[in-house]
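Data first, discussion second: the structure below is written as structure tokens.
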Amino acid sequence: MELKKGYFITFEGADGCGKTTQIELLNNFLNQKGIETLMTLEPGATDLGKNLRQILLHYEKPVSDEAEMFMYLADRAQHAQMIIKPALDEKKVVLCDRYIDSTVAYQGYGRDGNIEQINILNKIATKGLKSDLTLLFDVESEIAQNRLGKTKDRLESQGMEFHKKVRNGYLELAKQNPQRIKVINANRTIDEVFLNVKNVIGEFLNI
Ligand SMILES: Nc1ncnc2c1ncn2[C@@H]1O[C@H](COP(=O)(O)OP(=O)(O)O)[C@@H](O)[C@H]1O
Ligand SMILES: [Mg+2]
């Protein structure tokens, strides 16, 4: 099925909310319908990004908040310009695991960064490329942490207070962008959440 244009759909929410699970289900579902997709993620979709991701997730010495943010932004710049934009030009549905909102939620709300500045930096990194639709998988912080179990990386092993700030930050973003960001209750089973995802996507893509 040839779409009239490309669509950029991002998946957001805390680690353990089910983004990877749902993006894979949706990718298969769309492909079965004959819709061409590009499934991708941040950080680490490009070769440069893979190097940055390695540092972001596993570097053991202290990382300043600004250094961390600029690594995410460098990853995003490379990703948006080299991978996402070309795929949209080819009229693909781009499914992206984390994007701009992650930086606002984590570095902005989570770490009390300056959100106005972050918005400007995001705009520079992406050359203004925004998602058409964002699915926010909202889950109780304790549930998300339990799903992750004991194998957490550097960023996942922050305190519960931080995770709650991130969650509330995401919900605040959804409140500010009700057209673009659809909140999905991710406390439910994988099947229930996916049914919700299919409904939202079906309506959005008109399929
Ligand atoms: N709705 C759900 N209910 C219970 N477990 C889930 C649900 N969605 C995902 N999981 C499990 O929780 C863990 C984290 O899910 P994942 O999709 O990797 O989340 P994320 O990519 O947002 O970090 C995985 O082990 C996954 O199988
Ligand atoms: Mg994931």
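The values are calculated or read from the model by the stated rules, or taken from the named source; none is laboratory data. As the structure is a computational prediction, the values presented were derived from the model and not from experiment. Ideal geometry is used to build each Cβ from the backbone, glycine not excepted, and the neighbour counts take in all protein chains shown.
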Exercise for review: Taking L52 as the residue in question, decide whether it is surrounded by 14 or more Cβ atoms within 10 Å (Cβ to Cβ) and in contact (Cβ under 8 Å) with a residue 24 or more places away in the chain.
Suggested key: no
Review point. Does the stretch 185-199 contain any residue that is of a type in the set (S, T, Y) and closer than 21 Å to E68 by Cβ?
Key: no
Check your understanding: Give me the pairs: first residue in the stretch 84-98 and on the phi > 0 side of the Ramachandran plot, second residue within 16 Å of ligand 2 (Cβ to nearest atom) and in a strand (DSSP E or B), beta-carbon distance under 9 Å, and six or more apart or on different chains, which are they?
Key -> R98/T10; R98/F11; R98/E12; R98/L41
Practice item. Can you give me the number of residues within the stretch 22-46 that are within 14 Å of ligand 1 (Cβ to nearest atom) and buried (at least 16 other Cβ atoms within 10 Å of the Cβ)? Key: 11
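For the stretch 38-45, indicate whether the set of residues that are touching a helix residue (DSSP H, G or I) at 6+ places or on another chain (Cβ under 7 Å), touching a residue at least 24 places away in the same chain (Cβ under 8 Å) and of a type in the set (S, T, Y) is non-empty.
Checked against the condition, which is being touching a helix residue (DSSP H, G or I) at 6+ places or on another chain (Cβ under 7 Å), touching a residue at least 24 places away in the same chain (Cβ under 8 Å) and of a type in the set (S, T, Y), the stretch 38-45 yields at least one hit.
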Exercise for review: Could you run through the stretch 17-42 and say how many residues are within 13 Å of ligand 2 (Cβ to nearest atom) and either at pLDDT below 95 or of a type in the set (D, E, K, R) (or both)?
Suggested key: 3
Exercise for review: State all residues of the stretch 4-21 that are surrounded by fewer than 19 Cβ atoms within 10 Å (Cβ to Cβ) and more than 27 Å from L148 (Cβ to Cβ); if no residue qualifies, say none.
Suggested key: K4, K5
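Tell me whether the stretch 113-121 contains one or more residues that are among the polar types (S, T, N, Q) and within 13 Å of ligand 1 (Cβ to nearest atom).
no
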Practice item. For the stretch 29-125, please list each of the helices (runs of 4 or more DSSP H) lying entirely inside it that holds at least 3 residues being under 18 Å from the mean Cα position of the chain (by Cα) and of a type outside the set (A, V, I, L, M). Key: 47-58, 65-79, 100-103
Review point. Do we have Q158 as over 23 Å from N185 (Cβ atoms), of a type outside the set (V, I, T) and exposed (fewer than 15 other Cβ atoms within 10 Å of the Cβ) here?
Key: no
Check your understanding: Pairs under 9 Å by beta carbon, first residue farther than 20 Å from P43 by Cα in the stretch 143-164, partner at pLDDT below 90 and not in a helix (DSSP H, G or I), six or more apart or different chains?
Key -> Q145/K152; Q145/E156
